[in-house]
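S.K.: My questions will all concern the structure given below.
Where a number appears in this text, it was derived from the coordinates with a stated rule and is not lab data. Not measured: the values here are computed from a predicted model. For neighbour counting, all protein chains shown are included, and Cβ atoms are generated from backbone atoms with ideal geometry for every residue, glycine included.
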Amino acid sequence: MLYDTAARANELLLLDIEDLDLANKEAVITGKGGNAEHIHWSSLTAGRLPGIIAKRSSGPLFIANRKPTRAPAAGDLCATTGKARLSYRRAAELFKTATTRPDGTHHTLRQLRHSRLTHLAADGESAPMLKAKSRHSSLRSLEPYVNPSRQDIKDMTNRHDPNRRRK
């Protein structure tokens, strides 16, 4: 879901089941600065959400795999399972463990957002669309994600060559 939506990890971890519009594959999140913003996901994420939600109908979407040792805030506790909202620290630990290679390198949660935006840019999505998907406030903030390869630039040049053969 993190890769699919290009959302910030902390935004997704704050999602409650009630925030989801499963039929339309979207949710309202609290974005940077406290603004209510929409995120959208594909059918791949849509197919996985029922397993994450299970038999719950309210409370945190992402919950820890064990009951808390300290009392969490009321909004961070799942009434059905008694488990607390998954913290950023724990999510980062789990992701690090899942992505650690034999040489010790691993991925981070932040890299999922970066990778998604980079892949969308490489697939030809426009800067305004990337800005809308990522909910960045300016086009300038997208610069780290838009890094066309030499081949991408060559292909673009060839597509716009006035003497190219048309199929």
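S.K.: Would you say LEU139 is over 16 Å from GLU37 (Cβ atoms) and surrounded by 15 or more Cβ atoms within 10 Å (Cβ to Cβ)?
M.R.: no
S.K.: Looking at this structure, is THR105 among the β-branched types (Val, Ile, Thr), within 17 Å of LEU13 (Cβ to Cβ) and either in contact with a Lys or Arg (Cβ under 9 Å, 6 or more places away or on another chain) or not in a helix (DSSP H, G or I) (or both)?
M.R.: It is false that THR105 is among the β-branched types (Val, Ile, Thr), within 17 Å of LEU13 (Cβ to Cβ) and either in contact with a Lys or Arg (Cβ under 9 Å, 6 or more places away or on another chain) or not in a helix (DSSP H, G or I) (or both).
S.K.: If you don't mind, there's one more thing I want to ask. Could you look through segment 110-158, keep only residues that are of a type in the set (Gly, Ala, Ser) and assigned to a loop (DSSP other than H, G, I, E, B), and pick out the one that is nearest to ALA91 (Cα to Cα)?
M.R.: Filtering segment 110-158 for residues that are of a type in the set (Gly, Ala, Ser) and assigned to a loop (DSSP other than H, G, I, E, B), the one nearest to ALA91 (Cα to Cα) comes out as SER137.
S.K.: Can you tell me how many residues in segment 6-42 are within 16 Å of SER58 (Cα to Cα) and touching a strand residue (DSSP E or B) at 6+ places or on another chain (Cβ under 8 Å)? Break it down stepwise before answering.
M.R.: Initially, segment 6-42 is screened for residues within 16 Å of SER58 (Cα to Cα), giving 12-22, 27-29.
Then drop every residue that is not touching a strand residue (DSSP E or B) at 6+ places or on another chain (Cβ under 8 Å), which leaves 12-17, 19-21, 27-29.
Qualifying residue count for the region: 12.
S.K.: Quick one: how many residues across segment 9-52 are exposed (fewer than 15 other Cβ atoms within 10 Å of the Cβ), in contact with a helix residue (DSSP H, G or I) (Cβ under 6 Å, 6 or more places away or on another chain) and of a type in the set (A, V, I, L, M)?
M.R.: The total comes to 1.
Matching residues to (1) free of Cβ contacts under 8 Å to residues at least 40 places away in the same chain; (2) within 29 Å of LEU142 (Cβ to Cβ); (3) not acidic (Asp, Glu):
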{"residue": "MET1", "(1), (2), (3)": "no, yes, yes"}
{"residue": "ASP4", "(1), (2), (3)": "no, yes, no"}
{"residue": "ASN10", "(1), (2), (3)": "no, yes, yes"}
{"residue": "GLU18", "(1), (2), (3)": "no, no, no"}
{"residue": "LYS25", "(1), (2), (3)": "yes, yes, yes"}
{"residue": "ILE29", "(1), (2), (3)": "yes, yes, yes"}
{"residue": "GLY33", "(1), (2), (3)": "yes, yes, yes"}
{"residue": "LYS55", "(1), (2), (3)": "yes, no, yes"}
{"residue": "LYS83", "(1), (2), (3)": "yes, no, yes"}
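S.K.: List the helices (runs of 4 or more DSSP H) that sit entirely inside segment 1-101 and contain at least 3 residues that are β-branched (Val, Ile, Thr) and out of contact with any His (no Cβ under 9 Å at 6 or more places or on another chain).
M.R.: So the answer is 43-53.
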